[in-house]
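What follows is calculated from the coordinates using simple rules that are stated; it is not laboratory data. For clarity, every value in this text was computed on a predicted model and none was experimentally measured. Cβ atoms come from the backbone with ideal geometry, glycine included; neighbour counts cover every protein chain shown.
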Amino acid sequence: MNKSAALSAALASVFALGVVSTPVFAAEEGKEKCFGVAKKGANDCASANGSHSCAGQAKADNDPNEWKYVASGTCEKMGGKTAAPKKG
């Protein structure tokens, strides 16, 4: 591999890492986190209590520690909360 190809490969790796490290479920404009409305296996990211760190791992429907992105202003109408439960 020549120097130019090696440099190109290195730069491509750096850019790829930047893309991979960004959250898959980044908040979109007009959306908010809503705790307590996710169905089993349908949460958008890590639980508030730290029981897991990935999307799709909710073990029960409507767990107050699990969240989904919903349209802004609709969370409480759905029976959810816009803040994680307090620890303790």
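Let's see if you can work this out: charge +1 on each Lys and Arg Cβ, -1 on each Asp and Glu Cβ, no other charges. What is the dipole magnitude of segment 41-88 about its Cα centre, in debye to the nearest 20?
160
Determine ³J(HN,Hα), in whole Hz, for all residues of segment 40-48 in sequence, where each value follows from phi through the Karplus function 6.51 cos²θ - 1.76 cosθ + 1.60 and θ = phi - 60°; x replaces Gly and Pro.
3J(HN,Hα) across segment 40-48, in whole Hz: 3, x, 10, 6, 8, 6, 4, 6, 5.
Pop out the ³J(HN,Hα) list for segment 28-35 in order, Karplus 6.51 cos²θ - 1.76 cosθ + 1.60 with θ = phi - 60°, rounded to Hz; leave Gly and Pro as x.
In residue order, the calculated couplings are 8, 4, x, 10, 9, 6, 10, 8 Hz.
Return the distance in nm (one decimal) between the two label points of a simple spin-label model at S51 and T74, each offset 7 Å from Cα along Cα→Cβ.
Label-label distance for S51 and T74, simple model: 2.5 nm.
Step through the residues of segment 61-71 one at a time and calculate ³J(HN,Hα) from phi using the Karplus curve (6.51 cos²θ - 1.76 cosθ + 1.60, θ = phi - 60°), rounding each to whole Hz and writing x for Gly and Pro.
Couplings: 5, 6, 5, x, 8, 9, 9, 9, 7, 10, 4 Hz.
For S47, what charge total do you get from the other residues with a beta carbon under 13 Å from its beta carbon, if Lys and Arg give +1 and Asp and Glu give -1?
Residues close to S47 contribute a combined charge of +2.
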